[in-house]
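Asker: Here's a structure for you.
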Amino acid sequence: MILLIHAHPYPKHSRAGTALLSHLQGVPDLAIHALYDRYPDFDIDVEREQAALRAARLVVWMHPLYWYSVPGLLKHWFDVVLTRGFAYGRDGAALAGKACLWVTTTGGSDEAYGPGGVHERPFADFIAPVEQTARFCRMRWLEPLVVHGAHAVADAKLAEAGLALRQRLEAEAAHVPADAEVRA
């Protein structure tokens with residue numbers, strides 16, 4: 001199973017998120033957990049989320065970049081779902097070996113990230129916290145899919161990104177061995 005954790009506080013206003021998700025219709029064994037629809041009060045059903053994670057072979061974290069990080073509800077989800085004894089620690093191996101794909105959208109263009117850009121730092125600098133979350137849980141980190149300039153990018157580029165996402169999910173789901181090597 002593929003578990004896509006979607007965390008957008010305003011999904012109906014997300015042109016890029018809508019485009020990406022529209023390309024995933026009909027992907028076999030895909031479960032989408034839209035956190036802001038499921039848990040508007042931030043009261044997460046931890047057992048339900050952990051059960052879904054146990055069943056997944058591929059976990060996707062999809063969200064817009066908020067202040068160089070994840071939206072508040074996804075951070076809370078990390079805090080209460082990815083717990084010691086479940087996701088990490090001596091007895092926490094529920095996610096070990098599972099593939100993790102980070103899919104994020106940014107408001108800034110690719111050029112905005114780097115010297116001379118409004119954000120002044122390369123986008124790669126903002127990947128580390130999310131990547132380390134996956135690696136700390138002994139997940140297999142995949143190359144992220146990033147859509148820059150989400151509010152202004154051409155529809156054709158969004159369609160390309162949506163198709164690329166679909167192809168990556170299908171390919172990864174077809175090739176992830178149950179005992180995948182863990183890179184920590």
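Asker: Scanning the chain for chymotrypsin sites (Phe, Trp or Tyr not before Pro) in DSSP loops with at most 14 other Cβ atoms within 10 Å, what's the longest stretch left with none?
Answerer: Of all site-free stretches, the longest is 69-184.
Asker: So, R0 is 35 Å and r is the distance between the beta-carbons of Val27 and Gln132; what FRET efficiency does that work out to, to 0.05?
Answerer: 0.80
Asker: Loop only by DSSP, 12 or fewer other Cβ within 10 Å of the Cβ. Give me the trypsin sites (Lys or Arg not before Pro) in the range 63-141 that pass, ordered by residue number.
Answerer: Sites meeting the loop and neighbour criteria: Arg90.
Asker: Give me the lysines in straight-line cross-link reach of Lys75: C-alpha distance below 23 Å, same-chain residues under 8 apart excluded.
Answerer: Correct list for Lys75: Lys12, Lys98.
Asker: What GluC sites (Glu not before Pro) in the range 78-184 are in a loop by DSSP, with at most 15 other Cβ atoms within 10 Å of the Cβ?
Answerer: Here the GluC sites (Glu not before Pro) that fit, given the DSSP loop and packing criteria, are Glu120, Glu181.
Asker: Mind telling me which of Val81, Val118, Val60 comes out most flexible in a GNM of the chain, alpha-carbon contacts under 10 Å?
Answerer: Most flexible of the set in this elastic network: Val118.
Asker: Compare His76, His33, His13 in a GNM of the chain, Cα atoms joined below 10 Å, and give the one with the largest fluctuation.
Answerer: Greatest mean-square fluctuation among the candidates belongs to His13.
Asker: So, R0 is 25 Å and r is the distance between the beta-carbons of Asp125 and Glu160; what FRET efficiency does that work out to, to 0.05?
Answerer: Rounded to the nearest 0.05, the efficiency is 0.50.
Asker: Run the helix sum for the chain: -39,500 (n - 2.57) per DSSP H stretch of 4+ residues, divided by residue count, reported at 222 nm to the nearest 500 deg cm²/dmol. Walk me through the numbers on the way to the answer.
Answerer: On the way: 6 runs with 62 residues, N = 184.
Mean residue ellipticity, 222 nm, calculated: -10000 deg cm²/dmol.
Every number in this text was worked out from the coordinates using simple rules, so none of it is lab data. Remember, it's a predicted structure, so these values are computed and weren't measured experimentally. Glycine gets a Cβ as well: all are built from the backbone with ideal geometry, and neighbour counts include every protein chain shown.
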